[in-house]
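The values are calculated or read from the model by the stated rules, or taken from the named source; none is laboratory data. Quick caveat, the model's predicted, so the values are computed rather than measured. Counting neighbours? That spans all protein chains shown, and the Cβs are built from the backbone with ideal geometry, glycine included.
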Amino acid sequence: MEPVRITLRLPADVHEKLSESAEATNRSMNAEIVHRLKQSLGMDEVAEIAGMAERMGSKADAITNTMGKLYSIMHGLEVTLKELEVERDFHLQQQANHETLAANKHQKQSKQDD
C-alpha cells in the first residue's frame with residue numbers, strides 16, 4: 001500500500017514521549033507513530049498473529065522433519081539391536097556346543113580310564 005504524507009502537529013510533551021519511545025525501540029519517529037496508530041486500531045494484532053502463525057507453521061515443519069529423522073535413527077538402532085541379539089545367540093550356542101563337546105570328551109575319557 002502506498003504511504004500517504006501528512007503534516008501533523010503534536011503537543012511538545014507527546015512529541016517528547018514518542019521520541020523517547022522511538023529511541024528505546026530503535027524505530028524512527030515516523031515508524032513509532034505508525035506502530036502506535038496501528039496498535040490502537042488493532043491492525044498490529046492482525047499482522048502479529050499472522051506472523052506468529054507463519055513462524056509456528058515453519059516450526060511445526062521443522063519439528064515434523066526432526067521427528068522423521070529421529071524415527072529413522074530409532075529404526076536403525078532397533079535393526080542393530082536385533083542383529084546384535086542374533087550374533088549373541090549364535091555365540092552362546094557355539095559356546096554351549098563347545099561345552100557339550102568338552103563334556104562328552106571328558107566323559108569318554110573317564111569311561112576309557114575305567
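What to note about this one:
For (1) in contact with a helix residue (DSSP H, G or I) (Cβ under 8 Å, 6 or more places away or on another chain); (2) outside any helix (DSSP H, G or I); (3) not polar (S, T, N, Q), each residue gets a yes or a no:
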site	(1), (2), (3)
S19	yes, no, no
N30	no, no, no
I33	yes, no, yes
E48	no, no, yes
G51	no, no, yes
M56	no, no, yes
T66	no, no, no
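- Test: residue in segment 66-82 that is modelled with pLDDT under 85 and either of a type outside the set (A, V, I, L, M) or closer than 30 Å to P3 by Cβ (or both): no
- Selection within segment 8-27 - among the small types (G, A, S), exposed (fewer than 10 other Cβ atoms within 10 Å of the Cβ) and more than 35 Å from the chain's Cα centre (by Cα): A12
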